[in-house]
Amino acid sequence: MDLTLHYAPDNASLAVRLTLQHRDLPYRTALVNRATREHKSPSYLRLNPNGLIPVLETPEGVIFETGAILLWLADRYGKLGPAVTETARGDFLKWLFFLSNTAHADLRISFYPEQYMDDEAGRAMLRRRMQARFSAHLDKLELLAGEGRVWFGGDRPSVLDFYLVCLLRWRALYPIGGVGDFRLNRWPALDALARRMEALPATAVACRAEGLGPAPFTAPRLAQPPEGSAT
């Protein structure tokens, strides 16, 4: 299978890289340099007209949107979530879409409030509200992780696990200069999940490739990538 991941270090493409690596799938990477706004270039917009990262090129076509890519990988290769015929499929899908459409979306607003509010006071208020919403989302996910689901927080990592630990990392790190209030140990089940994911061989590979440091989910530091820019 010929797969090419268009990525930027420590961006949403990280969840896809972790998944590909964990599933031991052969893939190539194509750096998208955010420092030069390559994601807004005509050539990239032909792949993703929304100008967002990541994109996965496959023999079946180009896929964008993180959740869509992760779901395609789970369905195409298995062992990354319940199959279509399994009774747990519906529960798995609703939480995957919750991460993509709600949790990730709220987190992104907290990083870029200037895209939604003109004045600084309004931006600060919006950021606080979105961060509070994200914490409430984690409260729900903490309960879910404690229910012993095979496809979330279990012994066999799913795309849901890979997606969530990336969100946890970014909440702890960004926005730059506004961190310090996030403590993962407030959610013990999610903290334990992050530690298990940190110990995976796939995580070590991603850390080297993107300069994420030795504890990317439980004690994250700003990326120091060997190529490209995380911001």
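Please treat every number below as a calculation from the coordinates, not as lab data. Quick caveat: nothing in here was measured; it's all calculated off a predicted structure. Note that we place each Cβ from the backbone using ideal geometry, even for glycine, and neighbour counts take in every protein chain shown.
Below, the figures for the structure above:
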{"item": "Förster radius 22 Å - calculated FRET efficiency between residue 115 and residue 43, Cβ distance, rounded to 0.05", "result": "0.40"}
{"item": "Proximal lysines to residue 79, defined as alpha-carbon separation beneath 30 angstrom and excluding residues fewer than eight positions away on the same chain", "result": "94, 140"}
{"item": "Inter-probe distance in nm under a simple model that places probes 7 Å from Cα toward Cβ, at residue 207 and residue 231", "result": "2.3"}
{"item": "Ellipticity estimate at 222 nm from DSSP helix runs (n ≥ 4, -39,500 (n - 2.57)) divided over the chain, nearest 500", "result": "-14500 deg cm²/dmol"}
{"item": "Options 72, 31, 192, ranked by Cα towards positive dipole end of the chain, top entry (Cβ charges)", "result": "192"}
{"item": "More than 22 Å apart - percent of Cα-Cα pairs taken over the chain", "result": "51"}
{"item": "Residue of 203, 85, 36 that the Gaussian network model of the chain assigns the largest fluctuation, springs spanning Cα pairs under 10 Å", "result": "85"}
{"item": "Efficiency of FRET between residue 221 and residue 87 - r from beta-carbon atoms, R0 25 angstrom, step 0.05", "result": "0.05"}
{"item": "Distance from the stretch 132-156 to the stretch 30-83 (C-alpha centre basis), Å", "result": "25"}
{"item": "Positive-end residue, the chain charge dipole about Cα centroid, Cβ charges, pick of 81, 16, 217", "result": "217"}
{"item": "Signed unit charges on C-beta, dipole axis of the stretch 78-231, positive-most listed residue 170, 111, 160", "result": "160"}
{"item": "Dipole magnitude (debye, nearest 20) for the stretch 120-224, charges at Cβ of Lys, Arg, Asp, Glu", "result": "280"}
{"item": "Sparse-neighbour loop sites [GluC sites (Glu not before Pro); the stretch 62-142; at most 10 other C-beta within 10 Å; DSSP]", "result": "none"}
{"item": "The stretch 89-200, relative contact order [Cα under 8 Å, separation at least 6], %", "result": "24"}
{"item": "Within the stretch 188-226, trypsin sites (Lys or Arg not before Pro) in DSSP loop having at most 15 other beta-carbon neighbours inside 10 Å", "result": "221"}
{"item": "The stretch 89-200: projected area of the alpha-carbon convex hull, averaged over directions, in nm²", "result": "7.1"}
